[in-house]
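Inspection log for the structure reproduced underneath, given as structure tokens.
The values are calculated or read from the model by the stated rules, or taken from the named source; none is laboratory data. All values reported here derive from a predicted model rather than from experimental measurement. Positions of Cβ are backbone-derived with ideal geometry, glycine not excepted, and every protein chain shown enters the neighbour counts. To get the accessible areas, we keep the full protein, side chains included, count just its heavy atoms, and leave off ligands, DNA and RNA. Shrake-Rupley method; radii C 1.70, N 1.55, O 1.52, S 1.80 Å.
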Amino acid sequence: ALANRFQAWRKILKDLITYFREIQSHYEHKSKSLVKLANVVNNTSTPAGFLASGGLDDALQILRDHHKVAIVEANKAKEIEEDVILALTGLRSDLNQKMKEIKSLSGDFKNSVEKEMENTKRAVNALQDCLGQTDLDASLTTGKQDPYLLRLAVDRQVERQLDEENYLHQAYLNLESSGRELEPI
């Protein structure tokens, strides 16, 4: 489930990266067009007979200033690439790595806890039966039916069950810590 959630995040990040690449492309085209316009305005000069101020030269200077500001704004495409797109791409890569890590941890959840619980139940029932027979006739509880031996078998079986449960619990803790590594993001 966690891997599927990360996969959905990767899809959203991919869409956002595509969106910001389109914005970047728009800014780059706008920048190129503005540079062409600025070159035309910068290469335009007023003839010597025109007023130096208060006329067409002022209009050309206003256009030059406008294009300088517009070019600076249009150059934000580089900032989008460096700041936003690279960060999102890195995050997407991290998610992919985490998904692989989580999928590799999924094998840890294959266990035999149910089987061990059933075996423990059988061992305890056998011990209870033996103890019940001991109350009736102590001579019936010899050999394999010795209460001491059955008690040892129950203890060993409980240890096996606890080992399996601990293994499963550790698998959950590993998965949880793997998922938490992405939380600051």
Practice item. Output ³J(HN,Hα) for the range 55-69: one whole-Hz value per residue in order, computed from phi by the Karplus curve 6.51 cos²θ - 1.76 cosθ + 1.60 with θ = phi - 60°, and x for Gly and Pro. Key: x, 4, 5, 5, 4, 5, 5, 4, 5, 4, 4, 4, 5, 4, 5
Revision key, fill the gap. Carbon and sulfur atoms account, in whole percent of the 1.4 Å probe accessible area of the range 1-112, for 58
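Any idea what diffusion coefficient the range 44-134 gets from Stokes-Einstein, in µm²/s, Kirkwood Rh on alpha carbon pairs, 4 °C, 1.567 mPa s?
Numbers: Rh = 21.5 Å.
Rounded, D is 60 µm²/s.
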**Study point:** At 1.567 mPa s and 4 °C, Stokes diffusion of the chain via Kirkwood alpha-carbon radius, µm² per second
**Key:** 54
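Roll a 1.4 Å probe over the protein chains and send me the accessible area per residue for the chain in Å². Provide the component values of the computation, followed by the final result.
Values: 13040 Å² over 185 residues.
Result: 70 Å² of accessible area for each residue.
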Practice item. Enumerate the lysines that Lys36 could reach by cross-link, defined here as Cα to Cα under 21 Å, with residues fewer than 8 away along the same chain left out. Key: Lys68, Lys76, Lys78
**Study point:** Net charge of Cβ neighbours under 10 Å - reference Ala3; Lys, Arg +1; Asp, Glu -1
**Key:** +3
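Give me the percent of accessible area attributable to carbon and sulfur for the range 120-162, probe 1.4 angstrom. Mind dumping the intermediate values first?
On the way: 1750 of 3120 Å².
Ligands and nucleic acids excluded, carbon and sulfur reach 56 percent.
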